[in-house]
Every structure is written in C-alpha cells, then in structure tokens.
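The values are calculated or read from the model by the stated rules, or taken from the named source; none is laboratory data. Just so it is clear, the model here is predicted, and its values are computed rather than measured. Cβ sites come from the backbone with ideal geometry, for glycine too, and all protein chains shown count toward neighbours. For accessibility, only protein heavy atoms count, side chains too; no ligands or nucleic acids. Shrake-Rupley method; radii C 1.70, N 1.55, O 1.52, S 1.80 Å.
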Amino acid sequence: MARMPLRRFRIACCLLALAAASAGAQRLPPEVEAALAEAGLPREAVTLLVAPAEGGTPRLAHRADVPVNPASITKLTTTYAALELLGPTFSWSTPVYFDGPVRDGVLYGNLVIKGQGDPKLVIERLWLLLRRVQAAGVRSIAGDIVLDRSAFAVPARDPAAFDGEPLRPYNVGPDALLVNFKTVTLTFTPEAGTARVRAEPALADVQWPATVPLAGGECGDWITPLQADFRNPAQVRFGGAFRASCGERVWQLAFPDAGGYAARAVAATWRDIGGQLRGGVREGLAPAGVAPAFEFASPPLAEVVRDINKFSNNVMAQQLFLTLSLQLRGSGTLEGSRELLRTWWRDRFGGEPPVTDNGSGLSRTESISARQLAQMLQGAWASPLMPDLVASLPALGLDGTLRRQRQNVGLAHLKTGSLNEVTGVAGYVHGPGGRRYVLVAIANHRKAGAVRPAIQALVEWAARQP
C-alpha cells in the first residue's frame, strides 16, 4: 500500500482537527461529562468552547456555532464595542445652565440640568453637582429647576413586563438623566419592640414609616411579611412586621414612581445643602444656543465598564448602549445602537453579527454563539484595550458576581450571565506557564442553574492545558 507523503498527512490532520472543532464533534472532558450527568443536563443543553487567548484551534468546541441566549454575558459585547468606539477615557457630560442673571446669590430664572446619559450620577455625585451650582454664586433660585431628559428617545416601558418584579433594581429602565439608578435603600434595625426604618436617599414629598413592629419566627423570606404597600409612592406603608431573628437587614428596591425619581432626588438634595427654591422641579428643555454655566463630568468609561461587568449592572449597560448612538449619531435610540453594533462587528470580526436588543442581557431575544464570543475575546486579547476589558471582569472568588465562589480563587476572569433557564460564563482562564485561554460555557435549559459544577470542572480542565 502506498504511503501518504508527510506534508499531505500533516495537512489532512489539520483539516480533520478543524472540521471536528467546527462540527463540535470533540469529546467533552470526563469531569465535565460527569458534572452534566449529575446535574441532569443533556449535552444538547450547553455550548462550550476553550481556545488559546492569542488565537488558534480550539482545545474544545461543543455546539460552538449554535446561537444561544447569553443573558448578562451580552455586556461583554456592549462594553468592548464602547471601549473601541468611544475610547477608555471617554466621559459623559451633564451641562448645567443658568437661564437668567445671578445677583446677590439669587438666580433670577431657571436652573436647567441637561441629562446626556451619565450612568453614574449617584446621589453623592448629584450632591457635588449642586454644590458646584452654589460655588458659582447661586444660593436661591427664583424660578424652577428644569430637568432635560430628551437625549434618549426610548419607548415607555413597564418595569414588571420582563419577569413581574417591578421593584427589583435590575428592572430599572434607562434615562437620559438617570439619578442614583432610581433606587432606594431601606435599612431595618431591630430595637426594643420595633425595627427602625431608614430610607436613603431622601426624596422630596415621600414619607416612609419610621418603624415597623417586630415579629418572631425564623428569618427566611423577611420581605414578604412586611406587607409593603407602594400604591401611593409618596406614602409607603408596611402592613406587617419585621422578624427580629433577622438582625439588621437592607432592602434595595426600585422606586415605584420611576418617572418622578429624578425630580424628587434633586429637590431633596438642593434643600439638604441649604439651597432655596421659589418654584418647583419640573421637566423641560435646555435653552437653545446658550452656553452652559458649567459641565459636570462623569468618571471615565474604563471605570464605568468595570462597574458594569463586575456587578452586572443592567441599567448602566443600557445607558452605555444608548450612549453609542447618542454620541455617534446624535440621538440615543435602541435601533440606532443596534445598527452601530452590527456595523462594528462586521468591520471588526466579519461574518454575521450577534443579535442585540438593549445591550444588557435582560432580554429573551439577544443571541450569540460561543465561537462568536471566543472570536471577540481573542480579538480583545490582542488589542491595546485588553487591560481595560480584563480588569472589568469578575475575578474568580475575589470580587463582583464571582466573589462568593470559594474554589479556584483567582484562576479566571469571567463575566457571568444568569436568567431563568440561562446560566453561563465567558472570559479568560489562567493556565500554566503564563498561558491564557478563552473560555465560554452557557446553558439554555429549564435546569440551567445546575450547570455551575460543570463550569467549575471546565475551568479547572482549561487551567491544566499545556
């Protein structure tokens, strides 16, 4: 029998390896197979890929070309695209206008604050913004405080539409003037016979109960027994009790009157720093053709990206997504940002782009394949922006959404994703000798949450690759 020439043999072996990887025909590591079997998850429920970060043939590719719902792993695409399109030093600007003269500490006109999508205008930074108003000589406003929220053109949304949980902070929608993520933090502290209630931040014309009765029993679900009544957001009531066995507890919730949150927060903060207001706080437009008195800058994009990915902040990701079309097309719209991302993907990686919705992963329509994710992560690894992206990913067992992981501490930087029937990770695993591997593991199944031991096994397997 004639022998195949060595060169042709090597080419044939390479083609077979590439074909096997493309078809997802590789066998799974035994420990991953065992973990899937223990969890009752079929192989068809997961997509897995492990490849060298610098590029090359995958070490493992299972159903790598099947589009799946990535949940919050979508934030990787949003944040990396933003780093490339806007640059890591980009910052949001919030212009502030004095619509009238200032004499003897009085602004004879309106104070206008124009939102432009700053995702990190938390209450401490709102305080700094208003203190700058006072530093410019304004102690009293004879007119109104006008809030311009026109930079984003987004449809009205029902915070209960996604999963019926309107008070969950992850369901807060984007806003051109997003103040403190539209959330309130309630702290319950047991004392003699009652639990003291503290609400932060202060919101104008909103009254919270000062105390709630204590009750016995195990802690467990301690929020439902409070019987919170938010039908009147300005007069919240608790019809139940707080369980004494819980000790001090914190409940962070999305304020029910989302549309009125910014006005209430601005009015209360201006009052708390000693400012006087003869009018009210209302919505309106910034004066045309007038230079602002000053512009209040956000932290740089690289810092904001860390907050988005480390803590999987949905509304911050949506703010960033809409900022793409606002900055590059002049109007912050969902469809404009979707088209920008599709164009960026084709220019950067070629081929059909993933399906995006709102950029946060809080969606049932977003989809991407493991191979697409790996391609993007390999491209990011070779980019000058690599340090900014990798530093934004949760470190296994150390911080962010992976801080509670007690195994393999520090072995990987992975973005997590979790929805009902979706669980996964994507990022980088640290191998021996300074090698780095791209890893993608996503389950779409009614028992998707049970995939975590299989993901742990895959991370350990990837870290052992020579």
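Tabulated results
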item	result
Theoretical FRET efficiency, 1/(1+(r/R0)^6), r = Cβ-Cβ of Q207 and A136, R0 41 Å, to 0.05	0.80
Region 195-265: trypsin sites (Lys or Arg not before Pro) falling in loop per DSSP and having at most 11 other Cβ within 10 Å	R231
Of all accessible heavy-atom area on the chain, the percent that carbon and sulfur account for (1.4 Å)	52
Mean Cα-pair separation over length for region 340-466, i.e. relative contact order, pairs under 8 Å, 6 or more apart, %	16
Accessible area per residue in Å² at 1.4 Å probe, computed on region 257-406	41
When the convex hull of its Cα atoms is projected in every direction, mean area for the chain (nm²)	27.1
Mean projected area in nm² (Cα convex hull; one quarter of hull surface) for region 51-149	10.1
Region 354-464: mean projected area of Cα convex hull, nm²	7.1
DSSP loop GluC sites (Glu not before Pro) with at most 13 other Cβ within 10 Å excluded, longest remaining stretch of the chain	249-466
Centroid-to-centroid separation of region 337-415 and region 76-138 [C-alpha atoms, Å]	29
Calculated [θ] (222 nm, deg cm²/dmol) that DSSP helices of n ≥ 4 give over the chain, each run adding -39,500 (n - 2.57)	-9500 deg cm²/dmol
Estimated vicinal HN-Hα couplings, Hz - region 128-139 in sequence order (Karplus 6.51, -1.76, 1.60; Gly, Pro = x)	5, 4, 6, 5, 5, 4, 5, 5, 7, x, 9, 10
Neighbour-limited loop hits for trypsin sites (Lys or Arg not before Pro), region 269-362 (at most 15 other Cβ within 10 Å; DSSP other than H, G, I, E, B)	R278
17 Å tail of the calculated P(r), region 309-394, as % of Cα pairs	55
Amide hydrogen neighbours beyond the local backbone of Q252, cut-off 5 Å, H modeled	L186
Euclidean distance between Cα centres, region 237-265 to region 418-450, Å	34
